[in-house]
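The values are calculated or read from the model by the stated rules, or taken from the named source; none is laboratory data. Worth saying up front: this structure is predicted, and the values here are computed from it rather than measured. Note that each Cβ is placed from the backbone with ideal geometry, even for glycine, and that neighbours are counted across all protein chains shown. Ligands, DNA and RNA are excluded from the accessible area calculation, which covers all protein heavy atoms including side chains. Shrake-Rupley method; radii C 1.70, N 1.55, O 1.52, S 1.80 Å.
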Amino acid sequence: MKRFSLGLLVSMLFLASCQDTDSDPQAILINTDSEMLSERISLDGSGVISLINPDAAGGRILETSSELPIVLISQVDAPEFQGVKLRATHVDIDGDYAYVGYNMEGPSYLGAVEIFDISDAYNPKIVSQALFTDAEVSSLEYSDGTLQLAMAVDIDGDFGVSSPANLGRVSVSGGKFTSGFSFTSMDGFVATDVTMVGNSTAVSTGNPGILGLVDIAGNVSQQVELEDLRSVAFGNDKLAVLSGIEGAIIYNPSNLSELAKISLGNSTPESKRTIAIADNNLYVSEGAAGAGIYNLNDGQLLSKLPIPINPEGTDPGDVVTNAVSVDKSLLFMANGAAGISVADVKNPSAAKSMGILDLDGSSNFVRNEENFVFVATGAGGLQILKYSIPVGNPTEALCKDLPTYSGNSNLNVNSNEKMAFTGAVSLKNVNVGGELLFCGSMAIENSLNVNSNGVMQVVGSFAFGQYKKNTSLNVNSNSYLKLTGSTVIWGDLKLNSGATLEFVGEGNTIHVYGDVTINSGAKIIGNYTDSSGKLK
């Protein structure tokens, strides 16, 4: 990891702006050296990951297959400034870009916001960074070319603010900051969260605490006083907040009149807690109690999801749900030392636990959006994951009316067998001696052997193996591996003599992170794009 030096600072573009006063240009340091910034991104641990069964002794990997094929794309160390490491606090995802906020523990002010280019899903890059020497970022949201930042700003610093709690705004385009930063001061010691409500921005601030609506001109048009606000969310024409003392409150966003109130236990002071709105339901992180799902209209409880595991030797105060995120009927819970748990919430009244992601480190924040999952860890950095969901109504004739797979995580297809499935599946090991067809999204973690005279065909999305962990995909003599769609191989690919790797149809892509061995007599046929350049 590289730290900032005087030489690097000279090469940076400095931007700063605030209300009413001139700013020291070094209060905000803008860095657009993507190559240097992206040196913090690592492939360590990347590849297909498993879900842990919370009910099994010792937290064993699920013995049955999972309906959630998921890969760890990369890990990202937190940025540093003058030897001080920041920690990730919040993430928002929109299209080809992800926006990440950072702060620093303790009384000093130091923070940052970074823009990640995720257009190449398996090769993210950091393209821009704004580092604040007198401020920090609690939360952020991108909307229509503007990045909204919930911030804490040093009133004795260079921004000329009247209060520590501030809404920061900056224009962005194509992964770049295209304007100076402006600040709107609000009552409170820190702005804790932010979300767009029509043409206004809703901001929550900490003690003494307010929920305020800020117009485009930066004026606070409406506000209500509340104690210890942690999070704010907008959806289904409702505005909801989470207070560490008063619980969750649902408002009419047009006049901030209270519609419903949900009583919750008091939260640990200064702890991270978030809420989310989806499908007319309110999802609440409730600390040691896990997560709650409530009807957004009247606040009635629909379901409670406890934290699935309590690791041995862990301080109970570290096993808490810090954040919730829901998208495509998947609820991700950041449970501190208990990691990330996943639940199926298609039916909120009967939410179903799917397991725990096999990730290292504690989890302070999670964002699930557009099939990406960003996890902020206790060490301050990020883990970036991507998952696949079942493909509905496959158009290929051979994929029509196939059953979904729900068997063991180790799949064996004997030489006299033919099997065909659809949907989404994550498996540990696969051996094919007969014929296997899978349509949809498939991930295999450890090993895949297509044995002599075997045929395996995947139509859709296919991911295999783990980076530098001796996982191998073997296609043996007189066997076929047929691929249609997108393929990512994190382990090694071995085509033995007489093997055939065939790409069926048009628009196929493949990327291999491991080693490729193509023995004499093996062949690769069909149309494909090899972004790794290893299939020669």
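For every residue, the table says whether it meets (1) within 18 Å of ASN103 (Cβ to Cβ); (2) outside any loop (DSSP other than H, G, I, E, B); (3) touching a Ser or Thr at 6+ places or on another chain (Cβ under 6 Å).
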{"position": "SER138", "(1), (2), (3)": "yes, yes, yes"}
{"position": "GLU141", "(1), (2), (3)": "yes, yes, yes"}
{"position": "GLN148", "(1), (2), (3)": "yes, yes, yes"}
{"position": "ALA152", "(1), (2), (3)": "yes, yes, no"}
{"position": "GLY157", "(1), (2), (3)": "yes, no, no"}
{"position": "VAL161", "(1), (2), (3)": "yes, no, yes"}
{"position": "ASN166", "(1), (2), (3)": "yes, yes, yes"}
{"position": "SER171", "(1), (2), (3)": "no, yes, yes"}
{"position": "GLY180", "(1), (2), (3)": "no, no, yes"}
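Candidates in the range 308-350 are the residues that are among the small types (Gly, Ala, Ser) and in contact with a strand residue (DSSP E or B) (Cβ under 6 Å, 6 or more places away or on another chain); of these, the one that is farthest from ALA88 (Cα to Cα) is SER349.
This table checks each residue for (1) free of Cβ contacts under 8 Å to residues at least 60 places away in the same chain; (2) within 20 Å of ARG367 (Cβ to Cβ).
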| position | (1), (2) |
| --- | --- |
| GLU136 | yes, yes |
| TYR142 | yes, yes |
| LEU147 | yes, yes |
| GLY160 | no, no |
| GLY168 | yes, yes |
| MET186 | yes, no |
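Within the range 494-513, track down each residue that is open to solvent by less than 10 Å² (accessible area, probe 1.4 Å) and either at pLDDT below 95 or farther than 23 Å from GLY433 by Cα (or both). Across the range 494-513, the qualifying residues are ASN508, ILE510, VAL512.
Taken together, VAL504, VAL455 contain a single residue that is in contact (Cβ under 8 Å) with a residue 40 or more places away in the chain and over 31 Å from the mean Cα position of the chain (by Cα), which is VAL504. Looking across the range 325-344, the residues that are more than 15 Å from VAL375 (Cα to Cα) and either crowded, with 24+ Cβ neighbours inside 10 Å or among the small types (Gly, Ala, Ser) (or both) come down to SER329, ALA343. Restricting attention to the range 404-438, the residues being under 19 Å from VAL455 (Cα atoms) and not in a strand (DSSP E or B) number 7. Scanning the range 91-123 for residues that are open to solvent by 30 Å² or more (accessible area, probe 1.4 Å), under 21 Å from ILE30 (Cα atoms) and aromatic (Phe, Trp, Tyr) yields TYR97, TYR109. Scanning the range 458-483 for residues that are farther than 16 Å from ALA121 by Cβ and either touching a Cys at 6+ places or on another chain (Cβ under 9 Å) or surrounded by fewer than 20 Cβ atoms within 10 Å (Cβ to Cβ) (or both) yields VAL458, VAL459, LYS468, LYS469, ASN470, SER472, ASN474, SER477, ASN478, TYR480, LYS482.
In this structure, does SER497 turn out to be outside any strand (DSSP E or B), among the small types (Gly, Ala, Ser) and in contact with a strand residue (DSSP E or B) (Cβ under 8 Å, 6 or more places away or on another chain)? No.
For the range 173-192, enumerate the residues that are under 27 Å from SER119 (Cα atoms) and open to solvent by less than 10 Å² (accessible area, probe 1.4 Å).
Scanning the range 173-192 gives GLY175, PHE181.
Within the range 21-31, none of the residues are at pLDDT 90 or above and part of a loop (DSSP other than H, G, I, E, B).
Among residues of the range 220-253 being modelled with pLDDT of 95 or more and part of a loop (DSSP other than H, G, I, E, B), the one that is most open to solvent (accessible area, probe 1.4 Å) is ASP237. Based on this model, can you work out whether LEU385 counts as crowded, with 24+ Cβ neighbours inside 10 Å, part of a strand (DSSP E or B) and touching a strand residue (DSSP E or B) at 6+ places or on another chain (Cβ under 9 Å)? It is false that LEU385 is crowded, with 24+ Cβ neighbours inside 10 Å, part of a strand (DSSP E or B) and touching a strand residue (DSSP E or B) at 6+ places or on another chain (Cβ under 9 Å).
Restricting VAL91, VAL127, VAL100 to those that are within 28 Å of HIS511 (Cα to Cα), in contact with a helix residue (DSSP H, G or I) (Cβ under 8 Å, 6 or more places away or on another chain), in a strand (DSSP E or B) and not polar (S, T, N, Q) reduces the list to VAL127.
Scanning the range 196-211 for residues that are open to solvent by 10 Å² or more (accessible area, probe 1.4 Å), polar (S, T, N, Q) and modelled with pLDDT of 95 or more turns up just one, SER200.
Checking the stated criteria, GLY491 turns out not to satisfy the condition of being more than 29 Å from LEU43 (Cα to Cα) and at pLDDT 95 or above.
Of the residues making up the range 254-265, those that are out of contact with any Phe, Trp or Tyr (no Cβ under 7 Å at 6 or more places or on another chain) and in a strand (DSSP E or B) number 2.
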